[in-house]
Amino acid sequence: MNQPVLQAVLDSIENRESVALLSVTAGDGVFTDQVGRHTALWLDTTRLSVGDLDLGELEPQVFRDARQALELRAHRHFDYKTAAGAIKVFVEVQAQPPHLIIVGAGHIAVPLAAIAKINDFEVSILDDRPQYAHVSRFPTADRVIAGPFRAELDKLRAGRATFDHHTYVVLVTRGHQYDIDSLLEVLDDPLAYIGMIGSQRRIRAVFDLLEKEQGIPAHKFDRIYAPIGIDIGARTPAEIAVCIMAEMINVMRQGPALSMREQIRQERAERQARIRG
């Protein structure tokens, strides 16, 4: 591997950027001389790749496949056959960590931010109160932002290009009006997870208001994990943070644990079945 490609990959890892390393592992016909070539590639299509596979007209397809692998965070082997020859390309993915955005910098946010960093999440904290959104309270966080919830979420999205399916949002604000503002901003983003703390009564009040006053279809709320977390009998802020983190890991790893949201839905369905029966 030549030095510019290696350095580009190392720089991306150091900067916690997702990068794909493409390597030609086999080739025949016109692709014989390409074996052993490497290229570093990013999701941003406007960013120039580093290195040259010299694949001619086949290269755009190879790059599209490599970016798909990078988006999925999974290594891939690709085989290509043309009239002029066949080639094999291995895409090695170095993915950025999942991004947790904690909206609300209160007593639950402090242990949650620390636990998330231990689990290799990138962590952003957001609150409209500067005395709470302060680096002294969140020394391990990647960024601590003080400002209006919705406006700062919009700025954060713009700064990171998108909120994608590796982004997790946890709403632990001090009042449902802030939950509403935040949900209005992120509800249509392709996020991996949206969790909202609160009693069933508070959650229902938020959903009803959004449906009646904002015209948001009720089915859009199905993706929100509320009540938040996995039921472990948590009581203290640190214990609640553990149950929230457990739910996010369960979602990320497609684990078998039952979220409190699903537990309540099942219990409700069972009660309705008994009534009908």
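The values are calculated or read from the model by the stated rules, or taken from the named source; none is laboratory data. Just so it is clear, the model here is predicted, and its values are computed rather than measured. Note that each Cβ is placed from the backbone with ideal geometry, even for glycine, and that neighbours are counted across all protein chains shown.
The single condition from (1) surrounded by 14 or more Cβ atoms within 10 Å (Cβ to Cβ); (2) more than 18 Å from residue 98 (Cα to Cα); (3) among the hydrophobic types (A, V, I, L, M, F, W, C) that residue 151 fails is (1). Looking only at the stretch 11-21, residues that are within 22 Å of residue 123 (Cα to Cα) and not in a loop (DSSP other than H, G, I, E, B) come to 5 in all. Does residue 188 qualify as being at negative phi, in a loop (DSSP other than H, G, I, E, B) and not small (Gly, Ala, Ser)? Yes: the conditions hold for residue 188. The single residue among 45, 25 that is part of a strand (DSSP E or B), in contact (Cβ under 8 Å) with a residue 12 or more places away in the chain, among the hydroxyl-bearing types (Ser, Thr, Tyr) and farther than 29 Å from residue 248 by Cα turns out to be 25. Restricting the stretch 166-185 to residues that are surrounded by fewer than 16 Cβ atoms within 10 Å (Cβ to Cβ) and in a loop (DSSP other than H, G, I, E, B), the residue that is modelled with the highest pLDDT is 174.
Only a single criterion out of (1) more than 30 Å from residue 157 (Cβ to Cβ); (2) in a helix (DSSP H, G or I); (3) of a type in the set (Asp, Glu) is not satisfied by residue 79, namely (2). Of all residues being in contact (Cβ under 8 Å) with a residue 24 or more places away in the chain and surrounded by 14 or more Cβ atoms within 10 Å (Cβ to Cβ) in the stretch 135-147, which is nearest to residue 183 (Cα to Cα)? Just the residue, please. Applying the filter and picking the extreme gives 144.
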